[in-house]
Amino acid sequence: MSNTLRPYLACVRSSLTAALTLENFPSQVSERHNVAEIEAQSTPEVLLTPLLISRNASEQVLIEPSINSVRLSIKIKQADEIERILAHKFTRFLMMRAEAFVILRRVPVKGYDISFLVTNKNVEDMMKHKLVDFVIQFMEDVDRELSEAKLSLNARARIVAESYLSQFA
């Protein structure tokens, strides 16, 4: 992990740990249902203030807490068109397999690349610090995977260009 990424992830870790203090809260609209209030947004008094953590303009995390759920939206760094395409393909691949990840949403929040939804049931079933560790590890791995994919793509493009241009030499 780079030294510039460390404070950003530390801030995300502490903010997410604080936001994951969730409790059971039955819906005030539909009887005998327990819905994620951050998704339903039917009761404004149980929605807390959203928190935006930004490393730069193209790399942000939005934490939207409520009394019984937290929605975490991540904007992945995309410096150029290649990174934009790679990030889109990678996040689409993950979101198509959202049922394998318990907390991953199929559709991200508008303006973000990928979103997670953690409910009080998830925090009860899993350990809170392990959920936070998963999200932080996910952010590190996505950054690493996209960098490696871009390097691999550039290396393959260089080899193809050299073999193509060697025909004219």
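Screening the stretch 43-61 for residues that are of a type in the set (S, T, N, Q) and open to solvent by 50 Å² or more (accessible area, probe 1.4 Å) and picking the one that is nearest to the chain's Cα centre (by Cα) gives S54. May I ask you to verify whether K75 is touching a strand residue (DSSP E or B) at 6+ places or on another chain (Cβ under 8 Å) and among the basic types (K, R)? Judged against the criteria, K75 is a match.
Taking residues in the stretch 89-104 that are within 18 Å of D143 (Cα to Cα), and partners anywhere that are among the charged types (D, E, K, R), the pairs with Cβ atoms closer than 7 Å and at least 6 places apart or on different chains are F90/E145; T91/D113; M95/R106. If the condition is being of a type in the set (V, I, T), closer than 23 Å to N24 by Cβ and open to solvent by 70 Å² or more (accessible area, probe 1.4 Å), then the stretch 98-130 contributes only V102.
Condition check ((1) over 19 Å from R13 (Cα atoms); (2) within 19 Å of the chain's Cα centre (by Cα); (3) open to solvent by less than 90 Å² (accessible area, probe 1.4 Å)) across all residues:
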residue: R71; (1), (2), (3): no, yes, yes
residue: K75; (1), (2), (3): no, yes, yes
residue: K89; (1), (2), (3): yes, yes, no
residue: M96; (1), (2), (3): yes, yes, no
residue: D133; (1), (2), (3): no, yes, yes
residue: Q137; (1), (2), (3): no, yes, yes
residue: A155; (1), (2), (3): yes, no, yes
residue: F168; (1), (2), (3): yes, no, no
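A count restricted to the stretch 1-35 and to residues that are open to solvent by less than 80 Å² (accessible area, probe 1.4 Å), within 18 Å of the chain's Cα centre (by Cα) and among the hydrophobic types (A, V, I, L, M, F, W, C) stands at 9. When the test is whether a residue is of a type in the set (A, V, I, L, M, F, W, C) and touching an Asp or Glu at 6+ places or on another chain (Cβ under 6 Å), V35 does not pass it.
The values are calculated or read from the model by the stated rules, or taken from the named source; none is laboratory data. These figures come from a predicted structure and were not determined experimentally. When we count neighbours, we look across all protein chains shown, and the Cβ atoms used for this are built from the backbone with ideal geometry, even at glycine. With ligands, DNA and RNA removed, areas are computed over all heavy atoms of the protein, side chains included. Shrake-Rupley method; radii C 1.70, N 1.55, O 1.52, S 1.80 Å.
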